[in-house]
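> The structure's right below; bear with me while I get my questions together.
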Amino acid sequence: MLEILNQSSKREITIPLLQAVTEKAEEFKRRFGRKPSFMEVCGSHTMALAKSGVKQALKDHVTLISGPGCPVCVTDQRSIDAMIALSEGENRIICTFGDMMRVPGSTQSLMEMKTDGKDIRVVYSPVDAIAIAEENPDKEVIFLGIGFETTIPILSILVAEAEKKNLSNFSIWMTTKLVEPILRYLLALGEVELDGFLLPGHVAIVLGEDGFAFLPQEFAISGVISGFEPAELLSGIYKLISLALEEEATVINDHASIVSKAGNTVAQGLMSTYFEESDEAWRGIGTIPKSGLDLKPAYARFNAKEKFHIETKEPRKTKCRCGEIIRGLITPEDCPLFGKACTPRKPIGPCMVSTEGSCSASYQYMRGSH
C-alpha cells in the first residue's frame, strides 16, 4: 500500500495526469462555454489539493470549490461557546482533539481556558479519554465528540467501553455531523452551480459506494470517491469531467482498493446501536433536521448534554465569513479578514484554525493564486 501511495506522488505519473485533466477540461469549456465546477466535500481533500499544488495548477481550467467537510469549521458558534463553558465547572476534565483548542469562542478559546487553569487535555485517540476517566474517578471527564462518519464509529466504541467499565464519570458532548444531509441541503438550495462532487475516501470507507447513490438517483449529479494523493485527486477530477461531458450521472468508486460497495457494516452497526439521528446546527447555515447523531435514550448517562445543562448567550458576531466559505459561495480570499486580521497565528474563525480548514489551506499554500 505504501508503495502505491509513493507512486501516486511521483512526477512521472502526476504530470501526464495533469495534462490529461487540462485537456479534458478544455474540451468541456469548448462545449459548454465555461469551466467545469466541482465541490470537494472533504476538508482533507481541500488541504491535499492545495498542499500538492493540484488546485493551483488547475485554477484556469477547473473550478474546485471547498465544501462543508471540515468538522471544526462547520460546528456552529453556539456549540463552540457551550463546549468552552463546559470547562468552567469544578472537577471537570475536558478531552478534545487539538484542532478545537484555538477555535475562538465568543469570549475565550479552550486554549485560553487551559491557560487560566482549567483541565483541558488534547488526546490523539478518543479512547484515551476512557483511561483518563478511570484514572480520575473523582472528576467528570467529558470528550468533545466532533466529526463526521469517520469519527462516529470510534465514539461508539467509547460508549461501549464506558458501559463495560461501568464508568459514572464519563460522558460525550455530541456535535457530530452527517455527510448525506448536508449534501442534500446544498443541492436543494442550488446556490452554487456544480457539475459533480469529489467524494471523501475515508467517509466512504464507512458508508460505502452505496452511501452516495442518492446523488445520481435523486439529484442527477455525479460523484467520484477519491483518495488523497496527487495522482488519486487528478484521476478523480478527470473522471468527473468525463462524466460531465457524457452528461451521465453516476457514482464512481475511484478508491476501490479501500472502499467497498456496502462500506464497513461493522462500523455502521456500531453507530446504529448507540446513536440516533438528531437535528444539528451548522455554522453559517442553521439547523438541518436529522443531520447529526446523538446518543440514544438508553445511553443518556453518557450524554454530556443531559448531564450538564449548559446555557449560552447569543454568540458574538464578527466579520468572519466562514459560513459562506463552507457553503462554497466565496473563496477564503474574498473574506475581508483573510490574511489581515485573521491569520493562523491569530484566527478569527474556525476555517483558519483547523488543519482541514479552507482558509488555513489557502493561507499556507494558495495566497495570490486565485
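The values are calculated or read from the model by the stated rules, or taken from the named source; none is laboratory data. Computed from a predicted model, the values in this text were never measured in an experiment. In this analysis, Cβ positions are derived from the backbone assuming ideal geometry, glycine residues included, and neighbour counts consider all displayed protein chains. SASA here: full protein model, heavy atoms, side chains in, ligands and nucleic acids out. Shrake-Rupley method; radii C 1.70, N 1.55, O 1.52, S 1.80 Å.
> Consider the range 16-43. How many of its residues are of a type in the set (Val, Ile, Thr) and closer than 26 Å to Val74 by Cα? Give the derivation first.
At the first step, the residues of the range 16-43 found to be of a type in the set (Val, Ile, Thr) are 21-22, 41.
Still in the list and also closer than 26 Å to Val74 by Cα: 41.
Of the residues in that region, 1 qualify.
> Give the range 192-205 a look and list any residue that's open to solvent by 10 Å² or more (accessible area, probe 1.4 Å) and either over 23 Å from Lys24 (Cβ atoms) or among the basic types (Lys, Arg) (or both), or say none.
Looking only at the range 192-205, we keep the residues that are open to solvent by 10 Å² or more (accessible area, probe 1.4 Å), and these are 192-195, 202, 205.
Matches in the range 192-205: His202, Ile205.
> Do we have Leu64 as touching a residue at least 12 places away in the same chain (Cβ under 8 Å), open to solvent by less than 30 Å² (accessible area, probe 1.4 Å), outside any helix (DSSP H, G or I) and over 25 Å from Asp128 (Cβ atoms) here? Full working, then the answer.
Values: touching a residue at least 12 places away in the same chain (Cβ under 8 Å): yes; open to solvent by less than 30 Å² (accessible area, probe 1.4 Å): yes; outside any helix (DSSP H, G or I): yes; over 25 Å from Asp128 (Cβ atoms): yes.
Here the answer is yes, as Leu64 does meet what is asked.
> Then there's this: Which ranges mark the helices (runs of 4 or more DSSP H) fully within the range 99-215 that have 3 or more residues being more than 30 Å from Glu248 (Cβ to Cβ) and of a type in the set (Ser, Thr, Tyr)? Write out each step before concluding.
Working: elements: 110-115, 128-135, 152-164, 179-189, 201-207.
Per the criteria, no element qualifies.
> Moving to a separate point now. Of the residues Pro344, Pro336, Pro350, Pro297, which is under 22 Å from Leu110 (Cα atoms) and without any contact (Cβ under 8 Å) to a residue 40 or more places away in the chain? Give the derivation first.
Numbers: Pro336 fails: under 22 Å from Leu110 (Cα atoms); Pro350 fails: without any contact (Cβ under 8 Å) to a residue 40 or more places away in the chain; Pro297 fails: under 22 Å from Leu110 (Cα atoms).
Exactly one residue qualifies, and that residue is Pro344.
> With the requirement that a residue be surrounded by fewer than 19 Cβ atoms within 10 Å (Cβ to Cβ) and either without any contact (Cβ under 8 Å) to a residue 12 or more places away in the chain or of a type in the set (D, E, K, R) (or both), what does the range 93-117 give you?
The answer is Met111, Glu112, Lys114, Thr115, Asp116, Gly117.
> Open to solvent by less than 30 Å² (accessible area, probe 1.4 Å) and more than 24 Å from Glu88 (Cα to Cα): is that true of Gly292 in this structure? Steps first, please.
On the way: open to solvent by less than 30 Å² (accessible area, probe 1.4 Å): yes; more than 24 Å from Glu88 (Cα to Cα): yes.
Considered against the rule, which asks whether it is open to solvent by less than 30 Å² (accessible area, probe 1.4 Å) and more than 24 Å from Glu88 (Cα to Cα), Gly292 comes out as yes.
> Name every residue in the range 64-107 that is charged (D, E, K, R) and over 21 Å from Pro344 (Cα atoms), in order of residue number. Working first, answer last.
Filtering the range 64-107 for residues charged (D, E, K, R) gives 76, 78, 81, 88, 90, 92, 99, 102.
Passing the criteria: Arg78, Glu88, Glu90, Arg92.
> If the requirement is being among the acidic types (Asp, Glu), out of contact with any strand residue (DSSP E or B) (no Cβ under 6 Å at 6 or more places or on another chain) and closer than 29 Å to Glu180 by Cβ, which of these qualifies: Glu333, Glu324, Glu280, Glu311?
Sole residue among the options that is among the acidic types (Asp, Glu), out of contact with any strand residue (DSSP E or B) (no Cβ under 6 Å at 6 or more places or on another chain) and closer than 29 Å to Glu180 by Cβ: Glu324.
> When only residues in the range 20-55 that are among the β-branched types (Val, Ile, Thr) and in a helix (DSSP H, G or I) count, which is farthest from the chain's Cα centre (by Cα)? Walk me through it before giving the result.
Step one: filter the range 20-55 for residues among the β-branched types (Val, Ile, Thr), giving 21-22, 41, 46, 54.
Add one more test, that the residue is in a helix (DSSP H, G or I), and what stays is 21-22, 46, 54.
On the way: Val21: 26, Thr22: 28, Thr46: 10, Val54: 20 Å.
The qualifying residue farthest from the chain's Cα centre (by Cα) is Thr22.
> Take the residues in the range 68-78 that are open to solvent by 20 Å² or more (accessible area, probe 1.4 Å) and in a helix (DSSP H, G or I), then tell me which one is nearest to Thr355 (Cα to Cα).
Pass one, the range 68-78, residues open to solvent by 20 Å² or more (accessible area, probe 1.4 Å): 71, 76-78.
Right, trim to in a helix (DSSP H, G or I) and you get 71, 77-78.
Values: Pro71: 10, Gln77: 18, Arg78: 21 Å.
Of everything passing the filter in the range 68-78, Pro71 is nearest to Thr355 (Cα to Cα).
> Give all pairs with beta carbons closer than 8 Å in which a residue from the range 13-36 that is closer than 21 Å to Glu232 by Cβ meets a residue that is among the acidic types (Asp, Glu); count only pairs at least 6 apart in sequence or on separate chains.
Pro36/Asp195
> What's the total number of residues in the range 314-333 that are more than 13 Å from Pro104 (Cβ to Cβ) and touching a helix residue (DSSP H, G or I) at 6+ places or on another chain (Cβ under 6 Å)?
Counting residues in the range 314-333 that are more than 13 Å from Pro104 (Cβ to Cβ) and touching a helix residue (DSSP H, G or I) at 6+ places or on another chain (Cβ under 6 Å) gives 4.
> Mind checking which residues of the range 206-224 are farther than 23 Å from Leu329 by Cα, buried (at least 21 other Cβ atoms within 10 Å of the Cβ) and aliphatic (A, V, I, L, M)?
Matches in the range 206-224: Val206, Leu207.
> List every residue pair whose Cβ atoms sit under 9 Å apart, with the two residues 6 or more apart in sequence or on different chains, where the first one lies in the range 68-92 and is at positive phi and the second, anywhere, is surrounded by fewer than 23 Cβ atoms within 10 Å (Cβ to Cβ) and among the charged types (D, E, K, R).
Listed pairs, sorted by first residue: Asn91/Asp119; Asn91/Asp138; Asn91/Lys139; Asn91/Glu140.
> For Glu324, state whether it is of a type in the set (Asp, Glu) and touching a residue at least 60 places away in the same chain (Cβ under 8 Å). Working first, answer last.
On the way: of a type in the set (Asp, Glu): yes; touching a residue at least 60 places away in the same chain (Cβ under 8 Å): no.
Against the criterion (of a type in the set (Asp, Glu) and touching a residue at least 60 places away in the same chain (Cβ under 8 Å)), Glu324 does not qualify.
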